[in-house]
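Peer 1: Here's a structure for you.
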């Protein structure tokens, strides 16, 4: 490729990213990162299972259902954000010292991103890579911090167990 072609490609990519950033802002990029990590986790998990001779279409479908459930939870959080923002903006006498746009959606997505990163690290170990012991601990601490922030919003101090069917 000649230098003009490379320059034009760089310009096009930069322009596209600028337009997307203007449209999506920081939250859009958070969603893009989450979707990318979900796909990567699914594919890398399949590769790790294949390496160990444990790959099965049933497990792959189960992973797809799991990711679908995550998407539903994010949609619920985003709809709740929209509802809360709409109510706050239209209820007489209700004012906040800040503008409410989104809160629950980003918290849920960050929580899921941290989980996907941990899952990818586990897959890497299953594929033979060494992972420093502090990485999973930092991811756990990060996930606990998001949990603590959510608990503080609801004044909830007792953690419920995952998968018990209660929200």
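Peer 1: Scan region 118-137 for residues that are in a helix (DSSP H, G or I) and either in contact (Cβ under 8 Å) with a residue 24 or more places away in the chain or surrounded by 14 or more Cβ atoms within 10 Å (Cβ to Cβ) (or both) and report the count.
Peer 2: Number of matching residues: 9.
Peer 1: Here is a list of conditions, (1) within 23 Å of the chain's Cα centre (by Cα); (2) free of Cβ contacts under 8 Å to residues at least 24 places away in the same chain, and residue 96 meets all of them except one; can you say which number that is?
Peer 2: Result: residue 96 passes all but (1).
Peer 1: Now, a different point. Identify the residue in region 1-50 that is in a helix (DSSP H, G or I) and surrounded by fewer than 10 Cβ atoms within 10 Å (Cβ to Cβ) and, among all such residues, is nearest to the chain's Cα centre (by Cα).
Peer 2: Per the stated criteria, the residue is 26.
Peer 1: Next question. Could you list all residues from region 51-68 that are in contact with a helix residue (DSSP H, G or I) (Cβ under 8 Å, 6 or more places away or on another chain) and assigned to a helix (DSSP H, G or I)?
Peer 2: Of everything in region 51-68, those that are in contact with a helix residue (DSSP H, G or I) (Cβ under 8 Å, 6 or more places away or on another chain) and assigned to a helix (DSSP H, G or I) turn out to be 51, 59, 60, 63, 64, 67.
Peer 1: Looking for whichever is touching a residue at least 12 places away in the same chain (Cβ under 8 Å), in a helix (DSSP H, G or I) and surrounded by 13 or more Cβ atoms within 10 Å (Cβ to Cβ) here; the options are 113, 71. Which one fits?
Peer 2: 113
Peer 1: Right, here's the next one. When the residues of region 83-101 are filtered to those that are in contact with a helix residue (DSSP H, G or I) (Cβ under 9 Å, 6 or more places away or on another chain) and surrounded by 10 or more Cβ atoms within 10 Å (Cβ to Cβ), which remaining residue is nearest to residue 27 (Cα to Cα)?
Peer 2: The qualifying residue nearest to residue 27 (Cα to Cα) is 101.
Peer 1: Quick one: residue 79 ticks every box in (1) assigned to a helix (DSSP H, G or I); (2) within 22 Å of residue 150 (Cβ to Cβ); (3) touching a residue at least 12 places away in the same chain (Cβ under 8 Å) except a single one, so which number is it?
Peer 2: Only one criterion is unmet by residue 79, namely (3).
Peer 1: Still on this structure: Going through region 51-64 one residue at a time, which ones are surrounded by fewer than 14 Cβ atoms within 10 Å (Cβ to Cβ), without any contact (Cβ under 8 Å) to a residue 12 or more places away in the chain and over 16 Å from residue 119 (Cα atoms)?
Peer 2: Selection gives 53, 54, 56, 57, 58, 61.
Peer 1: Given the criterion within 29 Å of residue 111 (Cβ to Cβ) and modelled with pLDDT under 90, identify the matching residue among 42, 34, 26.
Peer 2: Answer to the check: 26.
The values are calculated or read from the model by the stated rules, or taken from the named source; none is laboratory data. Here the structure is a predicted model, which is why all the values come from computation and not from measurement. Don't worry about glycine lacking a Cβ; one is built from the backbone with ideal geometry, like all the others, and counts go over all protein chains shown.
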